[in-house]
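Student: Mind having a look at this structure? Questions to follow.
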Amino acid sequence: MRSLAAKLTLAFLLVGLTGSILVAAVIQQRTRLAFNRFVLDRDQQALVDNLLTYYQANGSWRGVGINLLAFLNSPAQFPGEDGDFRRNWERFTLADANQMVIASTQQSQTERQLSEHDLEQAIALVVDGQTVGWLVLSDVREWVPNRLESLFLTNINRAALLSALIAILLAFALGGFLAFGMTRSLRELTEATQALARGQLGQQVQVRSRDELGELAASFNQMSSDLERATQARRQMTADIAHDLRSPLSVLSGYAEALSDGKLPGSPEVYAILHQETLHLSRLVEDLRLLSLADAGELPLARQDISAQVLLERVAARHAVTAQQRSVTLNVQTAPHLPSINVDVERMAQVFDNLVSNAFRYTPPGGTIDLAATVLAASQGRPAAVQVQVRDSGAGIDPQDLPHIFDRFYRGDSARQSENESGLGLAIARSIVEAHGGAITAASSPGQGSVFTITIPAG
Ligand code: ADP
């Protein structure tokens, strides 16, 4: 049996079947017992009533012999009886008020006092509040139902059997319905997974419940959309890489062809252009290599302790000339007693160079770029950290671009694209910072400048 729904249905059916059989058996057993008790009580009461009527009619037990006793005990004397002869007790003994045996199925018992043992089970025969005699019934027989009683019991058994049958049918129908419903999500998931495996991305299934199956469906949906996004990003990235490699390569091949054909004479300017393009190419390749290493978690870091202040002052020194050329003020503001950070100095310098280069690009002359460092005290399980900010008073970042600027090959304003902008700068910055266990965020409002914040654990 290969279907889970069929297995579940069978399981429900088995449970229903066992339960019904058990209930039917218990009902049958209990009814028989209770009915047995009822019939005995009724017959016993009838005999007692017959004896009392006799006593009241005669004023004494006189004349009660064993034959009369047997007669009084006969089914014909019981109201409503069908005439079947039956006796529920093998022996019965009647004693008078003084507990002297008057009549008994055992002849030898007459003219004697009732024993202690007999008295314990004796029924007192009471007339007008006076005990006038004692009846002892013993050796109660296995009850054999008469025709009417058998009919009653058969009816009860039939009813129990019928309800068991209905319960089984219900268990089958309900079980099948439930099993089908429960496995529906699984079937949909299987179909969606197979479609995904065939390359049909973006599969989503309906989350039908809040149980484990619902959780599975929600996780599948999440995984499927992540996969679609990742595949889309990968395709986009491959296209971007091809595009970015193509421009310098076409420049190089154009110049090389012209030079080899003799159409273009070699000159220092031409060689400088060729050199520039190869540098651009190798930087692009190096950037991609760094990103793939970071993705694999294998970015080698030559960590050393350094003060954030020293790091920022070195960055500022490297960009001092550019700042002067562009008439932009470049400040370093660091809080006193900064703890040192344990970082790969070259890689972190690359991060800050990227941020400062971007800041220069978007800050007009007369603007300001601040490099600031503060310490974040340890709190709520978070260790102490050094927070470094690169703030500029430039154009700011469009709110639509802000969530994407750390994506690979994302360039905000296409109008301002230049050869040197690959759209990888911030992606690389984030990879390097995260490889150090830190985080980088950006905040900006257009026209108000931008703030890039890097948090590195103090160490
Ligand atoms: P690129 O190498 O093209 O500069 P980045 O990854 O460094 O790529 O930056 C991505 C985008 O983020 C840029 O195209 C630009 O739109 C935006 N950006 C980055 N830094 C700044 C800044 N300081 N001010 C305004 N926009 C910025």
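Student: Run the dipole for the chain about the Cα centre, Lys and Arg Cβ at +1, Asp and Glu Cβ at -1, nothing else charged, and hand back the magnitude in debye, nearest 20.
Tutor: 520
Student: Compute the Cα gyration tensor for the range 217-371, then decide on rounded, prolate or oblate, letting a ≥ b ≥ c be the square roots of its eigenvalues: rounded whenever a/c is under 1.5, prolate when a/b is larger than b/c in the other cases, and oblate in all that remain.
Tutor: Values: a/c = 2.10, a/b = 1.11, b/c = 1.89.
Oblate, since a/c reaches 1.5 and b/c is not below a/b.
Student: Could you please rank Phe38, Phe360, Phe409, placing first whichever residue has the fewest other Cβ atoms within 10 Å of its Cβ?
Tutor: Details: Phe38 11, Phe360 19, Phe409 16.
Lowest to highest Cβ neighbour count: Phe38, Phe409, Phe360.
Student: Could you compute the FRET efficiency for Gln113 and Leu40, with r as their C-beta to C-beta distance and R0 at 22 Å, rounded to 0.05?
Tutor: 0.25
Student: Now, a different point. What size of dipole, in debye to the nearest 20, comes out for the range 309-459 about its Cα centre when the only charges are +1 on Lys and Arg C-beta atoms and -1 on Asp and Glu C-beta atoms?
Tutor: Details: 11 positive and 13 negative charges, 32 e Å.
Dipole of the range 309-459, to the nearest 20 debye: 160 debye.
Student: With the contact rule set at Cα under 8 Å and sequence spacing of 6 or more, what percent relative contact order holds for the range 192-256?
Tutor: 24
Student: Moving on. Give me the number: length gained by fully extending Ser340 to Val285, i.e. 0.36 nm times residue separation minus the C-alpha to C-alpha distance, one decimal in nm.
Tutor: Answer, rounded to one decimal: 16.5 nm.
Student: List, in order, the whole-Hz ³J(HN,Hα) value for each residue of the range 182-196 obtained from phi through the Karplus relation with A = 6.51, B = -1.76, C = 1.60 and θ = phi - 60°; use x for Gly and Pro.
Tutor: With the stated coefficients, the range 182-196 comes to 5, 8, 4, 4, 5, 5, 5, 5, 4, 4, 5, 5, 5, 5, 4 Hz.
Student: Taking 0.36 nm per residue of sequence separation and subtracting the Cα-Cα distance, how much length would be gained by fully extending the chain between Gln56 and Gln194, in nm to one decimal?
Tutor: Stretched fully, the Gln56-Gln194 segment lengthens by 40.3 nm.
Student: Which of Leu94, Leu148, Pro399 sits closest to the plus end of the dipole of the chain, meaning its Cα is farthest towards the positive end, when Lys and Arg get +1 and Asp and Glu get -1 on the C-beta?
Tutor: Going by the charge dipole, the pick is Leu148.
Student: Collect residues whose amide H, placed 1.01 Å from N in the peptide plane, falls under 5 Å from the amide H of Gly459; neighbours closer than 5 in sequence don't count.
Tutor: Amide H neighbours of Gly459: Ser340, Ile341, Asn342.
Student: Ok, one more. Which FRET efficiency, nearest 0.05, do Ile166 and Asp49 yield, Cβ-Cβ r, R0 56 Å? Walk me through the numbers on the way to the answer.
Tutor: Working: r = 43 Å, r/R0 = 0.76.
Computed FRET efficiency for Ile166 and Asp49: 0.85.
Student: May I pose another question? Once fully extended, how much extra length lies between Lys7 and Val270, figured as 0.36 nm per residue of separation less the alpha-carbon to alpha-carbon distance?
Tutor: Details: separation 263, 0.36 × 263 = 94.68 nm, distance 7.84 nm.
Separation in residues times 0.36 nm, less the Cα-Cα distance, equals 86.8 nm.
Student: Identify, among Thr441, Ile241, Ala320, the residue whose Cα sits farthest towards the positive end of the charge dipole of the chain, taking +1 on the Cβ of Lys and Arg and -1 on the Cβ of Asp and Glu, with the dipole about the Cα centre.
Tutor: Ile241
Student: With the cut-off at 1.5 for a/c, could you classify the chain from its C-alpha gyration tensor as rounded, prolate or oblate? Please list the in-between numbers first.
Tutor: On the way: a/c = 6.74, a/b = 3.68, b/c = 1.83.
Here the chain falls in the prolate category.
Student: OK, next. Express the relative contact order of the chain as a whole percentage, based on alpha carbon pairs under 8 Å and six or more residues apart in sequence.
Tutor: Details: 589 pairs, mean separation 47.1, N = 459.
Reported relative contact order: 10 percent.
Student: Which of Met223, Met237 comes first, and how do the rest follow, when ranked by fewest Cβ neighbours within 10 Å?
Tutor: Met223, Met237
Student: Within the range 208-244, report the trypsin sites (Lys or Arg not before Pro) that DSSP leaves as loop and that have at most 11 other Cβ atoms within 10 Å.
Tutor: Arg210
Just so you know, all these numbers are worked out from the coordinates, no wet-lab data involved. As the structure is a computational prediction, the values presented were derived from the model and not from experiment. Heads up, the Cβs are rebuilt from the backbone with ideal geometry, glycines too, and the neighbour counts pull from every protein chain shown.
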